Amino acid sequence: MAVSTSTSERTSAARATAVIDCGVVCNWATRADLYAYLPSDWRDYVPPGQPRFAVVMPSWNNPQGDWRPEARTTGNGQAASDVAAIAAHALEPDVGKATLLMDEGALLPAVAATYIVEQLTVAANRWLVDRIDEIADNRLRGIAVLPAQVPLHAAEEVRRVAQVECIAGVHLRGNVLGKPFGHPVFHPIYEAAAEAGLPVVIESGGDALIDVPTQPTAGGLPMTYGEFASLQACSLMTHITSIISAGTFKTFPDLKIVLMGGGAAWLPWYLWRADAEWKGIRREIPWVEVPPSEYFGRNILVGVGPLARGDDGSFDLSGLLSSIDRIETMCCYGSLYPRWNSDSADAVRDAFPASWHAPILRENAERFYRW
Amino acid sequence: MSAPTDVGAAGDFAHGAPRVVTAAGREIAVVRWDEELFALRNVCPHQSGPLCGGVVPRLDSPRGGDVVSLRTSPIIYCAWHHWEFDLRTGKALDDPKLRVKTYEILERDGRVYVNV
């Protein structure tokens, strides 16, 4: 006998298997969009005709453009600024939840003009919340940016956005202080984020900007965009090694960190190396009581995109990652749509064995983000 | 069981300074820590390096950046890759399943004896 299934049961079943996309990307159209969100005194301080405060251009440009064709610059707006269209594309029927990251917004903390950019960062978060409210799809959440130039103020912003229901995490990218993110100067941010249950999303690219004293790579600045793109994981390795070594997870055991933008292919070598060195020089960091790999999956997730695999099958990504025990608990999916190198959920399914699909495409993000 | 081996005068073993002796054909690291004596096989289970790189107190840490020295809990570390072992138990600090052989040691009439 056929068993009928109610609509609500079908909906529940669909949600139970739905994808969580931790990385949809957007921009405001022009910086003038933020003025409406600035306190009036600050609007007078920097009139719209003076854009210098937020020049955050990297030295290199992707020769074919940084964005999917449908999201490229049109009219007066910058790329990825049609937020409603981006959300409509990202929120496919099989997507249960998605987070909206701000592209230029996350680079604001890389600008040395601290006081006005602090105000703009708060304005950017208000702008984001309004866009999410306009889209009115309860699957969509936002990742707030932080005025990380002054970590104590960034912690205040964490506590403010923690009161906003649609905010699922906070974004740490631009690195104007020029210190790896484990430095204790950043601890107020981690304390506030852990208290609020908001993960800190660290995205690559924030060490590659004009005002930033660090570099995205070791050994000198790349000369081409291709070099920069190939080495995106370098700064993530620096930041997460710093965070682990500083005992950040000892001090804030509930802190969650998500690493985005560098793929996951670096993990096998990195985890082996980090654990091996920890055995020998653990005395230097007695607050790190477990091998670094144990924090992955527990306190750290790594976005698998951009996927690193040869379309001709020459590079067996899942074979490489399989060399690490419980790797499927350490990774999540962020499409990075509409960036040029974004990945679909199907591409992730193709790249990994079926037993990894649920944890990577849904379960790990479910337990890390505040939904 | 053979008789304990005389490995030297008690005054030859200074606090915290491991000294390698030979007993029953084996290299033994002998360590004095305050009033206690310890004896361990001088072979690291990692890559068979000399175990007696040094002896230091174990450290604890209430939070990142803070250190508490546990003076009564000494550890010995290998000279090659600095893997650490509890001096009393011979167990590796990062993996208690990994263990260095420890031996009975005693001080009598100004001499030190190891029972191998």
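Taken over the range A:253-269, the residue count meeting the criterion of being crowded, with 20+ Cβ neighbours inside 10 Å and not basic (Lys, Arg) is 10. Going by the conditions given, is residue A:343 in a loop (DSSP other than H, G, I, E, B), charged (D, E, K, R) and closer than 23 Å to residue A:101 by Cβ? In short, yes.
Evaluating residue B:2 against the criteria (1) at pLDDT 90 or above; (2) over 20 Å from residue B:91 (Cα atoms); (3) of a type in the set (S, T, N, Q) leaves one unmet condition, (1). Of the residues A:213, A:180, the single one that is buried (at least 16 other Cβ atoms within 10 Å of the Cβ) and not aromatic (Phe, Trp, Tyr) is A:180.
For residue A:174, the test of being of a type outside the set (A, V, I, L, M), closer than 21 Å to residue A:126 by Cα, buried (at least 23 other Cβ atoms within 10 Å of the Cβ) and within 19 Å of the chain's Cα centre (by Cα) is passed.
Can you say whether residue B:30 is more than 14 Å from chain A (Cβ to nearest Cβ), over 11 Å from the mean Cα position of the chain (by Cα) and among the β-branched types (Val, Ile, Thr), as far as the supplied structure shows?
no
Using the structure shown, decide if residue B:76 is more than 10 Å from chain A (Cβ to nearest Cβ), in contact with a Gly (Cβ under 9 Å, 6 or more places away or on another chain) and modelled with pLDDT of 95 or more. So residue B:76 fits the description; yes. Go through (1) out of contact with any helix residue (DSSP H, G or I) (no Cβ under 8 Å at 6 or more places or on another chain); (2) touching a residue at least 60 places away in the same chain (Cβ under 8 Å); (3) not in a strand (DSSP E or B) and name the single condition residue A:181 misses. Going through (1) out of contact with any helix residue (DSSP H, G or I) (no Cβ under 8 Å at 6 or more places or on another chain); (2) touching a residue at least 60 places away in the same chain (Cβ under 8 Å); (3) not in a strand (DSSP E or B) one by one, residue A:181 breaks only (1).
If you go through the range B:82-101 and keep only what is away from every other protein chain (no Cβ under 11 Å) and not in a loop (DSSP other than H, G, I, E, B), you end up with B:85, B:86, B:91, B:99. Using the structure shown, decide if residue A:206 is within 22 Å of residue A:80 (Cβ to Cβ), at pLDDT below 95 and buried (at least 23 other Cβ atoms within 10 Å of the Cβ). Yes: the conditions hold for residue A:206. Of all residues assigned to the range B:61-70, none qualifies as being among the hydroxyl-bearing types (Ser, Thr, Tyr) and farther than 30 Å from residue A:183 by Cα.
Scanning the range B:18-36 for residues that are on the phi < 0 side of the Ramachandran plot and not in a strand (DSSP E or B) turns up B:18, B:35. Across the range B:37-54, the qualifying residues are those that are assigned to a strand (DSSP E or B) and at pLDDT 95 or above, and the one among them that is farthest from residue B:105 (Cα to Cα) is B:41. Here residue A:192 passes the criteria (1) within 14 Å of chain B (Cβ to nearest Cβ); (2) crowded, with 24+ Cβ neighbours inside 10 Å; (3) of a type outside the set (Val, Ile, Thr) except the one numbered (1).
Residues that are among the charged types (D, E, K, R) and either modelled with pLDDT of 95 or more or buried (at least 20 other Cβ atoms within 10 Å of the Cβ) (or both) do occur in the range A:230-252, at least one of them. Count of the range A:346-371 residues, restricted to those that are within 15 Å of residue A:141 (Cα to Cα) and not in a helix (DSSP H, G or I), is 3. Note on the range A:325-365: residues that are aliphatic (A, V, I, L, M) and without any contact (Cβ under 8 Å) to a residue 12 or more places away in the chain total 1.
Taking residues in the range B:60-81 that are in a loop (DSSP other than H, G, I, E, B), and partners anywhere that are of a type in the set (S, T, N, Q) and surrounded by fewer than 17 Cβ atoms within 10 Å (Cβ to Cβ), the pairs with Cβ atoms closer than 9 Å and at least 6 places apart or on different chains are B:78/B:47; B:80/B:47; B:80/B:48; B:81/B:47.
Considering each of B:68, B:43, B:55 in turn, give the residue that is over 26 Å from residue A:245 (Cα atoms) and either out of contact with any helix residue (DSSP H, G or I) (no Cβ under 7 Å at 6 or more places or on another chain) or buried (at least 16 other Cβ atoms within 10 Å of the Cβ) (or both). Please lay out each step first, then the result.
Working: B:68 fails: over 26 Å from residue A:245 (Cα atoms); B:55 fails: over 26 Å from residue A:245 (Cα atoms).
Answer to the check: B:43.
Regarding residue A:148, is this residue in a helix (DSSP H, G or I), surrounded by 24 or more Cβ atoms within 10 Å (Cβ to Cβ) and more than 14 Å from chain B (Cβ to nearest Cβ)? When the stated conditions are applied, residue A:148 does not pass them. Please tell me if residue A:169 is in a loop (DSSP other than H, G, I, E, B), crowded, with 24+ Cβ neighbours inside 10 Å and under 14 Å from the mean Cα position of the chain (by Cα). Here the answer is no, as residue A:169 does not meet what is asked. Take the residues in the range A:228-272 that are touching a residue at least 60 places away in the same chain (Cβ under 8 Å) and among the charged types (D, E, K, R); name whichever of them is farthest from the other protein chains (Cβ to nearest Cβ). Per the criteria, the residue is A:256.
The values are calculated or read from the model by the stated rules, or taken from the named source; none is laboratory data. As the structure is a prediction and not an experimental result, all values here were calculated from the model. FYI the Cβ positions are ideal-geometry reconstructions off the backbone, even for glycines, and counts take in every protein chain you see.
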